[in-house]
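To keep things clear, I will list the structure first and then write my remarks on it.
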Amino acid sequence: MNPLVLGLLASTLGGATGVWLTRRRRSGPDSSALLRAEVGAALARPGTLHDMLQPCAEAIVRHLGGAFARIWVLPPGEQVLELRASAGRYTHLDGEHARIPVGQLKIGLIAQSGMPLLINDVPNDPRVQRKWALREGLVAFAGYPLLAEGRVVGVMAMFARQKLKDDILEALASVADAMAQGTARQYAEERLRQGEELFRLLLDSTGEAIYGMDLKGQCTFANRTCARLLGYPDASALIGRRMHELIHHSYEDGTPYPREACPIYEATSKEGIHLDNEWLWRADGRGFPAEIWSYPLWREGERLGGVVTFVDISERRAAEAERARLLYETQEAVRARDDFLAIASHELRTPLTPLRLGLQSAQRMLQDGQPPPLEELRSRLAVTNRQVVRLTRLVESMLDLSRLTRGTLQLETAPCDLAALVNDVLERSREVLAQAECSLDAQVEGPLPVLGDRLRLEHVLENLLSNAMKYGACSPVHIRCRAEQGRALLSVEDEGIGISPEDQQRIFGRFERAASVRHYGGFGLGLYILREIVEAHGGTVSVESQPGQGARFTVTVPLLETPG
């Protein structure tokens, strides 16, 4: 509570009152880590956007060797970027680049597209003044949009006198994301502060609820905000009534709140109290969380009672709950990333060992000077080929995840026969099925004309077959492919370990699996990528299963209408 407001009120009543990626190589031994640490510290500081972003720009120049770095922000609802930080060769915040409309110049185009821009030959880029670039010795440029929850909140850019390598770009992308979140948070906090300030301003009446009480706890004064927040038509409905029994009689859970334990009432005989999470009750019986200030009221040494102010903090609680949710989601994302890195290192290493041993063994056989046994050589090469195929699939999964994350996965669609595609994949997979000791029960009805990316649709079936062989080894695999209600239906069913009902939706998420990675391996990406591919074709994927009774995955895609 503003002391001035309390003083004015006390005078009126007749007295005075007391009173904050998968990583690859770093730009240096510690430069990327130091950069992220400095940026994180800067974003955690209180102050203006300039106070927060200027140290970030200086850290980018210092740790990444930039000629100069600049950061623009895009206020909510605006279409003009505002320069808020500049470090290195240029430090001024005014001039022709102080305000850049979205869609103009390189910076405005980055904001418009929401995509980063990299130039490693600045003097020959038509968007850059050649004479200026040569005079300054500039070679490279990197600009990143500051994206928070899908909205551009600014742009970060750096010019350098040497080409920018991947580790530099990775570091820039990392801090760009952090600065985006910090900028968005600053705007959100600014909006919250403005809302609170407006609520508390005293115009014709104050924005805070204020009431006075005598030594018996009876209301002697109440402003219009107080009456409104408590659900009464006007202040007269409160005058003369005991306020504890009226608005503070019970805890949030409904249990009685004894008057002798009430800190608000006790403040009439003490130096004052501040409660930041109390519960008050309205006239209609509904409660709300409140922040409360209560101070004794004096006149010429005589205690008259107390003055109480309070505000409804429902929105603050919701904001705190939202911040807690976002923090939890961020922590979960970091945990998932760390789990993925651990799994990836293990999964990528697993096929390399037998691959290396097989090649070394074949090499020794060839170096002995004697013709190697053909069957043994064929066997070793078959093992080597399987490991290469496995390694290839792991890498392809990582690449597909990267494309999906960046939104760059593209389909090369063309009319194709899904039934013929299924038969082709099954024919190529017979040897692998035999090695897994899985018999094949296939019923494919065709033709089934669809508009799709043949390679991606083959990947869908291969993934389902691979899962069926993995989780249903030594048991039959059932394939059904037919037309049904204007859609092509493809199902793959195994007789393996099955999937519990609570896991059947979760397994389509990133890095998710229903079985232990220790026993079955994998990134936990296959079904996630599969679902994205199928949905990109306008289709659906579902699973039916019970533990111990196998699983049936069903994919549907629209049939291609043919001229009738």
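Count of the stretch 280-311 residues, restricted to those that are part of a strand (DSSP E or B) and open to solvent by 50 Å² or more (accessible area, probe 1.4 Å), is 4. Of all residues in the stretch 477-492, those that are surrounded by 17 or more Cβ atoms within 10 Å (Cβ to Cβ) and either among the aliphatic types (A, V, I, L, M) or not in a strand (DSSP E or B) (or both) total 6.
Residues in the stretch 427-458 that are open to solvent by 40 Å² or more (accessible area, probe 1.4 Å) and under 19 Å from Glu412 (Cα atoms): Pro449, Leu451, Arg454, Leu455, Arg456.
Checking each residue in the stretch 28-38 for being open to solvent by less than 30 Å² (accessible area, probe 1.4 Å), over 16 Å from Gly88 (Cβ atoms) and within 23 Å of the chain's Cα centre (by Cα) picks out only Ser32. Apart from one condition, Ser314 fits all of (1) open to solvent by 60 Å² or more (accessible area, probe 1.4 Å); (2) within 25 Å of Ala237 (Cα to Cα); (3) under 31 Å from the mean Cα position of the chain (by Cα); (4) hydroxyl-bearing (Ser, Thr, Tyr); the exception is (1).
Just to verify a result, which residue in the stretch 206-224, among those that are open to solvent by 10 Å² or more (accessible area, probe 1.4 Å) and hydroxyl-bearing (Ser, Thr, Tyr), is farthest from Gly306 (Cα to Cα)? Top of the filtered list is Thr206.
Restricting attention to the stretch 39-74, and to residues there that are among the charged types (D, E, K, R) and loosely packed, with under 15 Cβ neighbours inside 10 Å, which single residue is modelled with the highest pLDDT?
We begin by selecting, within the stretch 39-74, every residue among the charged types (D, E, K, R); these are 45, 51, 58, 62, 70.
Right, trim to loosely packed, with under 15 Cβ neighbours inside 10 Å and you get 45, 51.
Working: Arg45: 86, Asp51: 91.
If we take residues in the stretch 39-74 being among the charged types (D, E, K, R) and loosely packed, with under 15 Cβ neighbours inside 10 Å, then Asp51 is modelled with the highest pLDDT.
Condition check for Gln370 on (1) modelled with pLDDT under 90; (2) open to solvent by 50 Å² or more (accessible area, probe 1.4 Å); (3) in a helix (DSSP H, G or I): one failure, at (3). Inside the stretch 268-279, residues that are open to solvent by less than 50 Å² (accessible area, probe 1.4 Å) and not in a strand (DSSP E or B) make up a count of 2.
When the stretch 459-476 is filtered for residues that are within 35 Å of the chain's Cα centre (by Cα) and open to solvent by 10 Å² or more (accessible area, probe 1.4 Å), the ones remaining, listed by number, are His459, Glu462, Asn463, Ser466, Asn467, Met469, Lys470, Tyr471. In the stretch 254-267, the residues that are more than 15 Å from Lys216 (Cα to Cα) and part of a helix (DSSP H, G or I) form no Cβ pair under 9 Å with any partner that is open to solvent by 50 Å² or more (accessible area, probe 1.4 Å) and modelled with pLDDT of 85 or more, whether six or more places apart or across chains. Among the residues of this structure, Gly182 does not count as one that is in contact with a helix residue (DSSP H, G or I) (Cβ under 7 Å, 6 or more places away or on another chain) and surrounded by fewer than 14 Cβ atoms within 10 Å (Cβ to Cβ). Of the residues making up the stretch 75-134, those that are open to solvent by 80 Å² or more (accessible area, probe 1.4 Å), closer than 20 Å to Lys163 by Cα and not polar (S, T, N, Q) are Arg89, Met115, Leu118, Pro126, Arg127, Arg130, Lys131, Leu134.
The values are calculated or read from the model by the stated rules, or taken from the named source; none is laboratory data. In this text the structure is predicted, and so the values were computed from the model without any measurement. FYI the Cβ positions are ideal-geometry reconstructions off the backbone, even for glycines, and counts take in every protein chain you see. Ligands, DNA and RNA are excluded from the accessible area calculation, which covers all protein heavy atoms including side chains. Shrake-Rupley method; radii C 1.70, N 1.55, O 1.52, S 1.80 Å.
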